[in-house]
Amino acid sequence: MFEECFGNGPFVFRINDNGLGPQLLTQVCLERGWREYNSENESWNLWWKTSGFPVSHHRSLYAWQYLNHIPKGASICRKDNLVRYLRCMRKVYGAIYDFIPHGYNLPLEYTKLAAECSRGRPASGKDDPNKYFEEKPIWICKPVAQSQGRGIFLFRKLSELNYDSNTIVQRYIEKPLLIGGYKFDLRLYVCIPSYHPVTIYMYREGLARFGTDKFSLNDLRNPFRHLTNCSINKLGPGYSEMKDRVGSGCKWTLRQLRRYFQQAGISDWLLWQKITSLITLTVLSHVSQIPPSTNCFEFFGFDVLIDRAMRPWLLEVNLSPALSNDCDADRLVKKPMLHDMFDLLGLPLYNTGLSIFNISSDDIDENSKENNVSSLMSTISVVNAAGRWRRKQKKMSAIHSRSGSAIRTRSRSTSANIQKNYIMLPKVQVDLRNPGSPSQSGPLPKQMGDDSKRGDSKSWGNGRDWNLAKPREGGWVRIWPLALLEAPINKSNNINSNGHIKAMVQKVSKFTKKAKDLAKKHPTASESQLSEYLQEELEIHGDIWIPPI
């Protein structure tokens, strides 16, 4: 199986064009027993880039190669595209898409913004101008081509707007939910292994990111009050201070956030279901733009703000979200998330390259044997270290898992069996007569000739059929589809046509409405009970996504 999927050598990972990337990502890859790509190698198995890939890269892939971006999958990560897509979807499908602040794309829609800003002016000059400006709405300006909070500012008067590139201007959420007086937003991780059929997973853990100065509308120029980007707030004077309720730093895990909600008596089950719908609807807004593709996936970071009415608002979608390792919250969330994501995608755990050897030691000398045994023991130590890490994560996951319905039990049992069979260490065959056997950088194996290139007749060899997507893998929970299809989809049909998208949007709308009804009908029910009610009502085959507690 490993030879058919990944070649006759070790699993090779490549990061960006120069090999430089997040240290945490490199660490996870090495823990899985993979080998880092170098310029002398001509081949690789996984290429991870912060930016996108040209279409030519996707066309030339072999069955055992994988990219971390889907063609045109990054379109919703441009702020102007996101506003445009969701505005169009709202015109077609109505208020269900009313989860992003009203905004304008500049310079194209400057006149519309000016007309909006001019509304509500005092009828005469007798009114106090200071009072007038205090009552005017606040706008937030975000350059389209910038990231990490660069170039963002707030303003009330149109005369304060100054921009020199494509920009979006949105209504500022003036009443965010505060903790200890500090504003925060959520960073949620989403993996899309397929757009054909549409398959969406969301990780159970995530981050709550805080501003480091107390929130106030009296000072619009202080970024530490209004922006929650960690790249900005870690430079603020209040970053290391022990802040009210928040503590030091600027990050919590979602587990910490939910414990705070519990202590504050805040019921949050419905909030998480609204967020699930928000993310699914956002992905559906650009599904029709994505061409069929294989051997690739998308990994997004969704930024969501919660207001005082416990209503979630989508701020933006990030391509290749930051994998920094700045604090304990990062380490608790990101490292297990990457391991679980590679498991979800079917990438090997123990493929260290030992399968390129073939045992036959009749005519070998003792020195050669000792050298190869030493190399073997070194590789096995890597395997053992990765195994210990995985066993620890499984034990922690088992401790925090909750009992569910019979459907969820069967799904988890099946998932566990599949995973157990999949990550089994392949049989080691060592050929000491030819220790310099070529790896993947040499000629392709016979079974991986030109017929191994991607095409309709040759699918990705990791054994994953996204028509039968698993309900969960580690901390990744499938949020779409809600129920698996009864029969495989005919590839000749356009499964992402307007009619099909409409049907999906209607199902999400039904999911949201049913969740609201259940929360209202059973105000004292536990979250496990509410989740089971929702599963039964909608015949959901899988788990209901909700962060751990």
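Couple of notes before you dig in:
- In this structure, the residue pairs whose Cα-Cα separation is over 24 Å, taken from Lys214/Lys513; Lys79/Lys157; Lys112/Lys142; Lys142/Lys507, are Lys214/Lys513; Lys142/Lys507.
- Per the Debye calculation on region 100-255 with a single equal scatterer at every Cα and no solvent contribution, log₁₀ I(q)/I(0) for q = 0.21 Å⁻¹ amounts to -1.31.
- Global form of region 139-227, assessed from the alpha-carbon gyration tensor, a/c cut-off 1.5: oblate
- Cα gyration tensor shape for region 250-309, rounded if a/c is under 1.5, else prolate or oblate: prolate
- Gap separating the Cα centres of region 222-290 and region 85-107, nearest whole Å: 22
Computed from the coordinates by the stated procedures, all read-outs in this text should not be read as laboratory data. Quick caveat: nothing in here was measured; it's all calculated off a predicted structure.
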